[in-house]
Amino acid sequence: MPAPILIDLTHTSHTRARTGIQRVARSLHTALGSDARAITYDPHARTWRPLEPWETKSLTAAPSEKRGTTWPLSAQLRGLAHRLLGSSGSPSLHAPRSTLHASFGLVVPEVFSADTAAVLPSLLHTVAGPRVAIFYDAIALKFPELTPAKTVARFPAYLRELLLFDGVVAISEDSATSLRDYWRWLGIDQPPPVHAIPLGVDRPTLLSANEANPSPTIPRLLCVCTIEGRKNHLALLEACESLWLEGLAFELQLIGMPRADTAGPALARIQALQQAGRPLLFSGSVPDATLHAAYQQCSFTVYPSLIEGFGMPVLESLHYGKPCVCSSRGALGESAHGGGCLTLASVDANNLAATLEIGRAHV
C-alpha cells in the first residue's frame, strides 16, 4: 500500500474562491484520493492538523466571489480550547521525524502566506519523505505594476522560503526558468531541483441540448479569467467596442471573479458598455456546469492576459474544440504551441480587434 502523502490545503479548505491555484489544489487532492491526507495549519489551535469534516466539505462547495478565508466561530472556539487545554496534536503531524516512514511525503500546492511560512519549518521537520512545493509564476517580479502591492512586497521572501523544500514543481517551463534565474541571481549554489510539469485538463463535460441554455443567435466570444489588471480586459473591451462600432454582430461573455484591488477600471468599463446596450454578458464566478455550458455554446474564446504561469483556459478551450486567441509569449505560447490557437506577439487593442474580426469571419 502506498505511503500517505500530506497535502497542505490551509487556504483552499477555508475559501470558496475558484482561482487557478484553488482549482489545482482541489484537483490534486481529488486525484490523489486515499493516498492523500489533507492538512491545514489551525491558527486558533496553533498546530498543524488533518482537515475536519466541515473543511473537507468546503472543498466541493459552490464558488464565491470572495478570495479570503472563513473560519466559523465554532471552529475558532474548538481551536482555542485545544490550545488552552494543552491537548496533544495529531501524532502523524507532530511525531519526531525519525519515527515516520521514510517515504512519507508532503505536497504544498498553495502560495502560502507569511503566517503559514512562519510555521512551515515545524511541519517540514515531521516529514521524512520528499517535500515538494508547486510554483506557479513570477508575475510579481516581471509585472509589479500589475500586481497587488502586498503580493509584490511578500514575493521575494516567498521565493526564498521555497528553498526549504526538497524539490519544486513548476507549472510551465517559463515559470521554472524564472525561479531558477532568480535563485541564481541570489547566488544560491545548490538550490532544490526545479522540474516543469504542465497542468492537466479535465475531460470536457458536454451537456445535452436539454441541459444547456439555448444557443446564441449571433457568434459568441468567451473570455474565462479573473478580472484583474494583468488579464488585460481593458484592451479586450476596447477591441470589441471598435468592432461593435463598425456594425459587427457578436456577443462577448466574460466569466471570472473580480479582484477587489485591481479590477476597478475593467468593471467600470463593463458597466458602461452594458449601459450603452452592447451585447456584453458578465457572469462573475460561476459553477462548473455553467462554465461547461459557456464553453460549449461559444464560437471561440479569447485569453488576452499579458503574462501567465500556465494559461489553463487556453487548453480548456481547445479541449472543447473551440479555437483560442491569446499571446504567443511565455507560458501562454507553451500552452498554444500544439495548434488550434491564433497567437499574438502583442495583445494590444488593435491586434486583438484585427484577430477577433478574422475569427468571427470564419465562424
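The values are calculated or read from the model by the stated rules, or taken from the named source; none is laboratory data. Please read all numbers here as calculations on a predicted model, not as lab measurements. Virtual Cβ from ideal backbone geometry, glycine too; neighbours counted across all protein chains shown. Keep in mind that these areas ignore ligands, DNA and RNA; they rest on the heavy atoms of the full protein, side chains included. Shrake-Rupley method; radii C 1.70, N 1.55, O 1.52, S 1.80 Å.
Each label was represented as a point 7 Å from its Cα along the Cα-to-Cβ direction; for Arg203 and Glu238 these points are 4.4 nm apart. Placing R0 at 25 angstrom, the Cβ-Cβ distance between Ile358 and His337 gives a FRET efficiency of 0.80 after rounding to 0.05. Of all the options Glu173, Glu110, Glu246, the one that moves most in a Gaussian network model of the chain with Cα springs shorter than 10 angstrom is Glu246. Report in % the part of the accessible area of the chain that belongs to carbon and sulfur, leaving out ligands and nucleic acids; probe 1.4 Å. For the chain, the apolar C and S fraction of the accessible surface comes to 57 percent.
In percent, rounded to a whole number, the relative contact order of region 229-363 is 27, using alpha-carbon pairs under 8 Å and six or more apart. Label separation (Leu245 vs Ala157): 4.7 nm, computed from points 7 Å beyond Cα along the C-beta direction.
Per residue, the solvent-accessible area of region 268-335 (1.4 Å probe, heavy atoms of protein chains only, all protein chains present) comes to 36 Å². Computed per residue of the chain from DSSP H runs no shorter than four, each worth -39500 (n - 2.57), the mean residue ellipticity at 222 nm is -11500 deg cm²/dmol. Working from Cα pairs under 8 Å separated by at least six residues, relative contact order for the chain is 14 percent. Which residues among region 23-57 fall inside the zone where the amide N is under 16 Å from a point 7 Å beyond the Cα of Leu84, along Cα→Cβ? Hits in region 23-57 for Leu84 at 16 Å: 44-46.
Taking the average, over residues, of other Cβ atoms within 10 Å as the packing measure, peptides 292-305, 178-191 rank 292-305, 178-191 from highest down.
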